[in-house]
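The values are calculated or read from the model by the stated rules, or taken from the named source; none is laboratory data. Keep in mind it's a predicted model, so treat the numbers as computed, not measured. Cβ coordinates were reconstructed from backbone atoms using ideal geometry, including for glycine residues, and neighbour counts include every protein chain displayed.
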Amino acid sequence: MKGITYTLPLIALSVFLFAGCEKDNRTPPGSTLTGRVVYNKEPIGVRSGGVSFEIWQRGFQLFSSLPLNIAQDGSFSAVLYNGDYKLVRARGAGPWADASDSIDVHLSGSATIDIPVNPYFIITNAGFQKNGSNITGTFTVQMVNTTREMELVRIYIGPNYVLDQNNNSANVTRTAPFNITTPVTLNVAIPASLAAENFIYARVGVKTRGINELMYSTSQKVQLK
Amino acid sequence: MKSVISLFVCTFLAACFLSCKKDELLDTSPQTIFTDEQIYKDPKLIIGILANLYDRLPRYASLATGNENFSIFDEGMWSGLSNNDVEVRNNLINYNFDRWRLWDYAFVRDVNVAIDNINESNSVELTPILKKQFIAELRFLRAMDYFDMVKRMGGVPIITKQLIYDFAGDPAYLQQPRNKEEEVYDFIAAELDAIKNDLGNTGSRRQANKNTALALKSRAMLYAGSLARYNNTPGLTMSSTPGGEVGIPQSKASGYYQKSLDASKEIINSGAYTLYRTNPVLGENFYDALVNKGGNTEVIFAVDYLKSQGKRHLNTFNNIARSLFEDGGQGSSFTSPSLNLVESFEYLDGSPGTLKGVGTGSNTAAGQASWIFYDNPQDIFANKDARLYGTIMYPGVSFAGKTLKIQAGVYVWNASANKYDRTEGALNSSYTDGKTLTGLDGPSRTTTFVSNTGFYLRKYIDATAGASTSALQSDTWWVVFRLGEVYLNAGEAAFELGLTNDALTFTNAVRQRAGFPANSLTTLTLQRIQNERKVELAFEDHRLWDLIRWRIADKVWDGTTTNPDANIYALYPYRIVRPGHPDDGKYVFDKFIAPRFKAPRFFRPGNYYSSIAQSVIDNNPKIVRNPFH
């Protein structure tokens, strides 16, 4: 009798546990969608955690978007189930003009796509060097879409690769208007907190008036020692 | 065994006999539920419905709901638990577009149902006068709710009737598009004009009366006016949609300001309220003006709490200074007011409120060069606007008869380095000279449940014994409208209309109560008005909405590490240890970005209007999205 009292719950429990494995779990999504946000085949740098697109899929009761977060170098990756998706460049999401067309994405296995955008301004040929106690950035600002004015350019420095409006140790702004037909030079003093580092990172951004986000250059390493 | 069978038979038989009464049973009227018919014939039950709706009025930051929203802008920061989900209030990368979203149609529907039912009721108890009054009150509540929606979402569908589905398979006729933003503000104004004379409740501060309706109109029209004016400022990000769901034409600004001014003047000239001036100690007086519930002449409308009825809140438990916390050990000091706010309080001679003689906290000779050695810690705040004392507890002040122990550490003279060396200790510790090293109230750089900025809240903190325990809690009321705000509304509206003399009169009245001499301002700028509202209405859920309507939120909170407005600053007091020197035992102050504050406040242009939930758009494709999302 005693044996039964103890073993019965045990058996019941193990039945529950094993049965549970069958019922509760679905296969996780396994297909990867990767790509970059590009203009002229060049990636557009953005603020880390600041810009996202929307992924939509029709045919299910719950119709809601999945965020597709864009990394600071303009790349993205998402793990999804196979299927047909619509990729929407949400209005006002990034430093580019709104595009109302969605992009069809057929995912079977994995896919890499480049999402073209139409930025207002882009930064090219950015270079940084140590100049005494300053970091000097030289770059070219190019107007791509003439419908909006430039508001400012800003140089950022910091100890980490992730560098933007929210993450930086020092920054210097030059407010428009200024001449952008020739390369622009911006100096930023190295703050005390960075003076002891062997190397730091630097980056420049351009802001369009009336647009949330800045367009950034690539984050570049600058040797201090 | 036999007995078991007989018991079973008995039960079975009993069940059979009982079931014979089933017709009667089904006809029994329920004892726990009221039908609509029963409710809407009894004025007492209708008051119950009103009470429920008053309680459900949306509040973004308040004593009970949204208490944490006091620590996510520039009035204060979070000093409570350091779990990531709450510590994030100091590390917000940006404000989510749905952070203050509100789509409160359950409330609107409940009001519409109540209005329809009262209209249809033909009970004798519900006299035509009562009916009119109830409907007026319901329409006031609906206008309040619409104001809260329009200030967060822009134009929303105006629904004034119950929407009833006909089960014909096509719900399209129930899908209402968004009204224009200006239409919603016009609707609020028209509703309030229509009902203000039907509202009874004269003298009530808990139920709406004519002056409450005017106070809402004063605020709503001021918002509409500034939206019309500042959304279109050149150089600013313009938030608008082609259909006008958001974005009010600039030409409407003066009309709205005029309506606001008229409503404010009607309250001020009615003589029903006066600025609270009962306590001759001006700082205490300003504190009393908000918490004193007996004979308060200033408060127009408040959400009241009453301990004896079990209606209470945890604001004092959450936010009282650590040494005054009565619930044992740690657990309080959630919201720490910022130095930014403290410095916004001007000196009584009208000079800017920047504190004098503060160091940088770098622990170097250069960082100590600008120190002024103060005899008492409170001396640095001398001759400041009395509202500072009424709003914030700073080093050296007392509350409920107890002096706060705010001291971050000591600075010991180091003759060889020719500078002072900083020492900080654990809370409530003593230095080797037997005097305080670090006070029980901190500030501390890393300890939780103690101020991180060096300041504590006084406004709305309850001095009653037991108020900071979780068992007893507090029943201070939450002031929604008060005369001080109406004066500032009037001042701002008059200023925007070019009536500078009126604007000065109204604004100076509020300043005079705070200890400034009569006519302390002789010229007025928008920045002056903005600062006046910041200090008078701090921690009263105005700051966010004010910055939004002036369209400066994205400039003030621009997310830049180098922008002093976007960062929260702290002020740490230290005692000087230098035996034999005249400065020994004096106090110095260091100012720096609060140690637990990591990410500058970042308000994006897309935050000016909240995003609309996807489920709302799915259900009603006529809903247009807001700009930037």
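Across the range A:193-204, the qualifying residues are those that are small (Gly, Ala, Ser) and within 14 Å of A:ALA170 (Cβ to Cβ), and the one among them that is farthest from the other protein chains (Cβ to nearest Cβ) is A:ALA202. Test B:VAL108 against the criterion of being within 14 Å of chain A (Cβ to nearest Cβ) and either assigned to a helix (DSSP H, G or I) or basic (Lys, Arg) (or both), and give yes or no. No; evaluated as a whole, the condition is false for this residue. Taken over the range B:407-427, the criterion of being at negative phi and outside any strand (DSSP E or B) is satisfied by B:GLN407, B:ALA408, B:ALA415, B:SER416, B:ALA417, B:GLU424, B:GLY425, B:ALA426, B:LEU427.
Of the residues A:ALA93, A:ALA99, A:ALA78, the single one that is buried (at least 17 other Cβ atoms within 10 Å of the Cβ) and either in a loop (DSSP other than H, G, I, E, B) or at pLDDT below 90 (or both) is A:ALA93. Scanning the range B:620-629 for residues that are within 10 Å of chain A (Cβ to nearest Cβ), farther than 15 Å from B:GLY243 by Cα and of a type in the set (S, T, N, Q) yields nothing.
Candidates in the range B:606-619 are the residues that are of a type in the set (Gly, Ala, Ser) and surrounded by 15 or more Cβ atoms within 10 Å (Cβ to Cβ); of these, the one that is nearest to the other protein chains (Cβ to nearest Cβ) is B:GLY606.
Residues of the range A:39-75 that are assigned to a strand (DSSP E or B) and more than 12 Å from the chain's Cα centre (by Cα): A:TYR39, A:GLU42, A:GLU54, A:ILE55, A:TRP56, A:LEU66.
Residues in the range B:559-577 that are modelled with pLDDT under 95 and β-branched (Val, Ile, Thr) were compared, and the one that is surrounded by the fewest Cβ atoms within 10 Å (Cβ to Cβ) is B:THR562. Within the range A:31-58, residues that are farther than 12 Å from A:GLY94 by Cβ and within 13 Å of chain B (Cβ to nearest Cβ) sit with their Cβ atoms under 8 Å from residues that are in a loop (DSSP other than H, G, I, E, B) and among the aromatic types (Phe, Trp, Tyr), at 6+ positions apart or across chains, in these pairs: A:TRP56/A:PHE63. Determine whether B:ASN318 is of a type outside the set (Ser, Thr, Tyr), in contact with a strand residue (DSSP E or B) (Cβ under 9 Å, 6 or more places away or on another chain) and more than 23 Å from B:TYR609 (Cα to Cα). Criteria met by B:ASN318.
Does the range A:213-222 contain at least one residue that is modelled with pLDDT under 90, more than 14 Å from chain B (Cβ to nearest Cβ) and over 27 Å from B:ASN232 (Cβ atoms)? No, because not a single residue in the range A:213-222 is modelled with pLDDT under 90, more than 14 Å from chain B (Cβ to nearest Cβ) and over 27 Å from B:ASN232 (Cβ atoms).
Of note, B:GLN162 satisfies the criterion of being part of a loop (DSSP other than H, G, I, E, B), free of Cβ contacts under 8 Å to residues at least 60 places away in the same chain and not hydrophobic (A, V, I, L, M, F, W, C). Among the residues making up the range B:508-533, those that are outside any loop (DSSP other than H, G, I, E, B) and over 16 Å from B:ALA490 (Cβ atoms) are B:GLN527, B:ASN531.
Yes or no: B:PHE597 in a loop (DSSP other than H, G, I, E, B), within 12 Å of another protein chain (Cβ to nearest Cβ) and surrounded by 18 or more Cβ atoms within 10 Å (Cβ to Cβ)? So B:PHE597 fails the test.
Exactly one residue among A:ALA90, A:ALA78 is in contact with a strand residue (DSSP E or B) (Cβ under 6 Å, 6 or more places away or on another chain), more than 14 Å from every other protein chain (Cβ to nearest Cβ) and over 21 Å from A:ALA202 (Cβ atoms), and that residue is A:ALA78.
Results for (1) under 25 Å from A:THR34 (Cβ atoms); (2) surrounded by 13 or more Cβ atoms within 10 Å (Cβ to Cβ); (3) within 12 Å of chain B (Cβ to nearest Cβ); (4) touching a helix residue (DSSP H, G or I) at 6+ places or on another chain (Cβ under 8 Å), shown as yes or no for each residue.
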residue	(1), (2), (3), (4)
A:HIS106	yes, no, no, no
A:ILE122	yes, yes, no, no
A:ILE135	no, yes, no, no
A:GLU151	no, yes, yes, no
A:TYR161	yes, yes, no, no
A:VAL172	no, yes, yes, no
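Scanning the range B:120-131 for residues being assigned to a helix (DSSP H, G or I) and either at pLDDT 95 or above or touching a helix residue (DSSP H, G or I) at 6+ places or on another chain (Cβ under 7 Å) (or both) gives a total of 2.
Looking only at residues that are hydroxyl-bearing (Ser, Thr, Tyr) and surrounded by fewer than 20 Cβ atoms within 10 Å (Cβ to Cβ) in the range A:174-212, which one is modelled with the highest pLDDT? Of everything passing the filter in the range A:174-212, A:THR185 is modelled with the highest pLDDT. Within the range B:534-583, track down each residue that is within 14 Å of another protein chain (Cβ to nearest Cβ) and in a strand (DSSP E or B). B:ASP558 - this is the single residue of the range B:534-583 that is within 14 Å of another protein chain (Cβ to nearest Cβ) and in a strand (DSSP E or B). B:GLY203 falls short on exactly one of the conditions (1) surrounded by fewer than 13 Cβ atoms within 10 Å (Cβ to Cβ); (2) in contact with a helix residue (DSSP H, G or I) (Cβ under 9 Å, 6 or more places away or on another chain), and that condition is (2). Of all residues in the range B:315-351, which are surrounded by fewer than 16 Cβ atoms within 10 Å (Cβ to Cβ) and not small (Gly, Ala, Ser)? B:ASP327, B:GLN330, B:ASP349, listed by residue number. Of the residues B:ALA503, B:ALA509, B:ALA494, B:ALA570, the single one that is in contact with a Pro (Cβ under 9 Å, 6 or more places away or on another chain) and among the hydrophobic types (A, V, I, L, M, F, W, C) is B:ALA570.
Table: residues versus (1) surrounded by fewer than 20 Cβ atoms within 10 Å (Cβ to Cβ); (2) acidic (Asp, Glu); (3) under 28 Å from the mean Cα position of the chain (by Cα).
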{"residue": "B:GLU68", "(1), (2), (3)": "yes, yes, yes"}
{"residue": "B:SER71", "(1), (2), (3)": "no, no, yes"}
{"residue": "B:GLY76", "(1), (2), (3)": "no, no, yes"}
{"residue": "B:SER82", "(1), (2), (3)": "yes, no, yes"}
{"residue": "B:VAL86", "(1), (2), (3)": "yes, no, yes"}
{"residue": "B:ILE129", "(1), (2), (3)": "yes, no, no"}
{"residue": "B:TYR146", "(1), (2), (3)": "no, no, yes"}
{"residue": "B:ALA172", "(1), (2), (3)": "yes, no, no"}
